[in-house]
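The values are calculated or read from the model by the stated rules, or taken from the named source; none is laboratory data. Just so it is clear, the model here is predicted, and its values are computed rather than measured. Note that we place each Cβ from the backbone using ideal geometry, even for glycine, and neighbour counts take in every protein chain shown. All accessible areas refer to the heavy atoms of the entire protein, side chains included, with ligands and DNA or RNA removed. Shrake-Rupley method; radii C 1.70, N 1.55, O 1.52, S 1.80 Å.
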Amino acid sequence: MTKKEKLTVKIFETRQELGRQAAAEVAGAINELLETRPEISIIFASAPSQNEFLEALGQEAIPWERITAFNMDEYVGIDPQAPQGFGAFLKRSLYDRVPLKQIHLFDCQAADPEQECLRYGALLEAAKPELCIYGIGENGHLAFNDPPVADFDDPKIVKLVELDPVCRQQQVNDGCFASLDEVPRQAFTLTIPVLMRVGQLYGMVPGKTKIAAIDKAMNGPVTTACPASILRTHPHAVLYLDEVSAQKIKPETY
C-alpha cells in the first residue's frame, strides 16, 4: 500500500487477487456502515474492469436487503436489454445475484433525457449514497466525465454528455461493441462533484489499457485533462491496481 496525496493506492499481482481483496475490503466497509445505520446506498460502475471485483463481492456476507443500488452512468438510447447497457451489465454481474432492497436504473430510452437527468438526480440527492465503486477510463474519465466535459465544480447532479472519441473507442477495446459506429454517442453521467461528495470511494482499475491513464492520474497535475486526478484530493478514496496497470507509478514520489 502507498499514498498519493490523500489517495490510498494498493497494487496486486493479478486482477483476480485485486478483485478478491477489494471485495473483502468493500464488504467490510459496507458492514461497518450498517452497524450504525438501518440501510445505505451504493453507486456502482459498469465496465469489464469490475468483473473480478463484482464476482467476488456477490459472494461476500453482506445484508443486501438493506442496500439500495445506483448506476454511475448509462448510454442514451440503448435498448435496456442490450448486453452492452450498463444496467444490463450490473444486473448480470451483481444485481440479479443478491437480494438488494432497491435498484435505481436510468431510463435509457426516456422521451426527455433532460428530465431523466433531473429524476435520477433527485433520487441521488434523497439517498445520499455512502459508498461509490468507480473505474477510470482510458482517457482518465470518471463515470462518463470525459476530459472535454469534466467539471470539478459542475452545478449539475446528473447530466447529458457527448462521449469523447477515446472513450467510445474504449468500449470497442473492451469488447463491448464490434465497431466504433455501434457505440452510442451520448450518455447520462453522475457529475464529478456528486461522486466526490460520497464518503468512501473504491476503484478497481486493472489491465494494460489503463497504464497511461493511471500514469496521468497519479503522476500529473490535478486537472480536468485527466478527471481521475481529482481522486487525490478525496479524504477516503482507495485505488486498486494490478501490476500491469501500475507499472508507471513512481513510488519515490509518493
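Using only Cα coordinates, the Kirkwood hydrodynamic radius of the range 51-190 works out to 15.9 Å. Antiparallel beta bridges, as assigned by DSSP with both residues in the chain, represent about 35 percent of the total such bridges. Full extension of the chain between ASP79 and GLU243 gives 55.4 nm of extra length, using 0.36 nm per residue less the Cα-Cα distance. Per-residue extension of 0.36 nm, minus the Cα-Cα distance of ALA178 and LEU160, leaves a gain of 4.1 nm for this segment. Taking the 1.4 Å solvent-accessible surface of the chain as the whole, the part contributed by carbon and sulfur is 50%. Of all lysines in the structure, those lying under 16 Å Cα to Cα from LYS3, and not within fewer than 8 positions of it along the same chain, are LYS216, LYS248, LYS250. Cα centroids of the range 232-250 and the range 183-204: 17 Å apart. Using just the helices of the chain, give the 222 nm mean residue ellipticity in deg cm²/dmol: DSSP H runs with n ≥ 4 each add -39,500 (n - 2.57), and the total is spread over all residues, rounded to 500. Roughly -8000 deg cm²/dmol at 222 nm, from the helical runs in the chain. Most tightly packed first, judged by the mean number of other beta-carbon atoms within 10 Å of their residues, the peptides 169-178, 154-163 read 154-163, 169-178. Once you divide the Cα radius of gyration of the range 80-135 by 2.2 N^0.38 Å, the number left is 1.23.
With R₀ set to 35 Å, the beta-carbon distance separating GLU5 from GLN115 gives a calculated FRET efficiency near 0.35. Multiplying the residue separation of GLU35 and THR223 by 0.36 nm and removing their Cα-Cα distance gives an extension gain of 64.0 nm.
For the options ALA23, ALA213, ALA127, a Gaussian network treatment of the chain with springs between C-alpha atoms closer than 10 Å singles out ALA127 as fluctuating the most.
Heavy-atom accessible surface of the range 1-77, averaged per residue, reaches 42 Å², computed with a 1.4 Å probe.
Of the residues GLN186, ASN145, MET1, the one whose Cα sits farthest towards the positive end of the charge dipole of the chain is MET1 (charges of +1 on Lys and Arg Cβ, -1 on Asp and Glu Cβ, taken about the Cα centre).
Residue ranges 139-150, 11-22 sort as 139-150, 11-22 when ordered by packing (mean number of other C-beta atoms within 10 Å per residue, highest first). Across the chain, Cα pairs under 8 Å and at least six residues apart give a relative contact order of 26 percent.
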